[in-house]
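To start, the structure under review is shown below, and the notes come after it.
The values are calculated or read from the model by the stated rules, or taken from the named source; none is laboratory data. These numbers come from a predicted model, not from an experiment. Here the Cβ positions follow ideal geometry from the backbone for every residue, glycine too, while neighbour counts run over all protein chains shown. Quick note on the areas: whole protein, heavy atoms, side chains included, nothing else; ligands and nucleic acids left out. Shrake-Rupley method; radii C 1.70, N 1.55, O 1.52, S 1.80 Å.
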Amino acid sequence: MKLAFSTLGVPGLPLSEVTALATAHGYHGVELRAHPEEPVHTGLTAEQRADVAAAFKAAGLDVLGVAGYARVAAPGDDGPVLAEVRALVDLARDIGAPYVRVFPGGGDEQSAEEADATATRRLGTAAEYAADRGVRILLETHDSHRTGADAMRVLGLVGHRQVGALWDVMHTWLGGEQPVDSFAALSPHLGYVQVKDIASADDTTPVGLGAGVLPLTDVVEVLSRNGWDGWLCWEYEARWYADAAPLPGLLTPGREHLSRLLNESA
């Protein structure tokens, strides 16, 4: 498996420093948070997008994915959501990223069935657009569709190779789902896996990998046992927790922890 980290852990950091961190600490790629407060977002010009792609190529790193904030199950008109997804897909194509992350984002005013139908319709529509651009849209296990079983209610209906799953191991665990069950649900559609660690179920402050309560050993074990050889991406949520320890000092211990788990599960 290849290892990446998300720029959510180093909010606002210039790309030259992001690539330097990845290279210095032994990571193979980076997931880029796509937001106006970040160096990479959908407002970039064609020239700026080419510069992003060139910077990663020069550093010998992959852009794993574009982590967007489109909410495909959210109530309301389809048009603005589809426009946001298409803009993220275009950005991913232009900077050489194979994946775009979207959230479910179903609202309390909907039934689960309504949220599923909305997400299925929008993802099915966006799938052909993504296919034409060689990009895969990944629905993250998050918010209204926190577990693998929740996500599969949508992905099973979409049934398109360009729409898959992003397994956030914190949300499936908080949803009461065991890693073996999450993998069983998501494996036919799995794009990559976001790993992280937190202080407790009641305190989701990010901590170094292996220093918290999430079942990372079980996650890596089930992936290895099933011969999955994709990406593990460390999403350290520093942007949302001002008191979290700075990510750069944790990157090498985190990589070493994941490498140890991979070796032990081999």
**OP:** Quickly estimate the mean residue ellipticity at 222 nm for the chain, helices only: each DSSP H run with n ≥ 4 gives -39500 (n - 2.57), and the total goes over all residues, rounded to 500.
**Re:** -13500 deg cm²/dmol
**OP:** Describe numerically, in nm with one decimal, the distance between label points set 7 Å from Cα along Cα→Cβ at Gln48 and at Thr125.
**Re:** 2.7
Original post:
So what is the accessible area of the stretch 127-266 per residue, in Å², with the probe set to 1.4 Å?
Top reply: 41
**OP:** Provide the packing ranking of 194-201, 93-100, i.e. peptides ordered by the mean count of other C-beta atoms within 10 Å per residue, highest first.
**Re:** 93-100, 194-201
**OP:** Compute the longest continuous run of the chain that contains no exposed GluC sites (Glu not before Pro); treat a site as exposed when its DSSP state is not H, G, I, E or B and it has at most 14 other Cβ atoms within 10 Å.
**Re:** 110-266
Original post:
FRET efficiency for Glu17 and Asp202, Cβ-Cβ distance as r, R0 = 41 Å, nearest 0.05?
Top reply: 0.75
Subject >> For Glu84, net neighbour charge (Lys/Arg +1, Asp/Glu -1) across residues whose Cβ lies under 14 Å away >> reply: +1
Subject >> Solvent exposure, largest accessible area first (probe 1.4 Å, DNA, RNA and ligands not counted), of Tyr241, Tyr236 >> reply: Tyr241, Tyr236
Original post:
With +1 on each Lys and Arg Cβ and -1 on each Asp and Glu Cβ, how big is the dipole of the stretch 117-239 about its Cα centre, in debye rounded to the nearest 20?
Top reply: 540
Subject >> Dipole-positive endmost among Gly176, Leu190, Ala112 within the stretch 112-199 (Cβ charges, Cα centre) >> reply: Leu190
**OP:** Considering Cα pairs under 8 angstrom that are at least six residues apart, work out the relative contact order of the stretch 1-89 and quote it in whole percent.
**Re:** 29
Original post:
Rounded to the nearest 20 Debye, what is the dipole magnitude of the chain about its Cα centre when Lys and Arg each give +1 and Asp and Glu each give -1 at the C-beta?
Top reply: 800
Original post:
So what is the accessible area of the stretch 19-89 per residue, in Å², with the probe set to 1.4 Å?
Top reply: 42
**OP:** Consider the candidate values (i) 119; (ii) 183; (iii) 158; state which one is volume of the Cα convex hull per residue in Å³ computed from the structure displayed.
**Re:** (i)
**OP:** Express the carbon and sulfur contribution to the solvent-accessible surface of the chain as a percent, rounded to the nearest whole number, probe 1.4 angstrom.
**Re:** 50
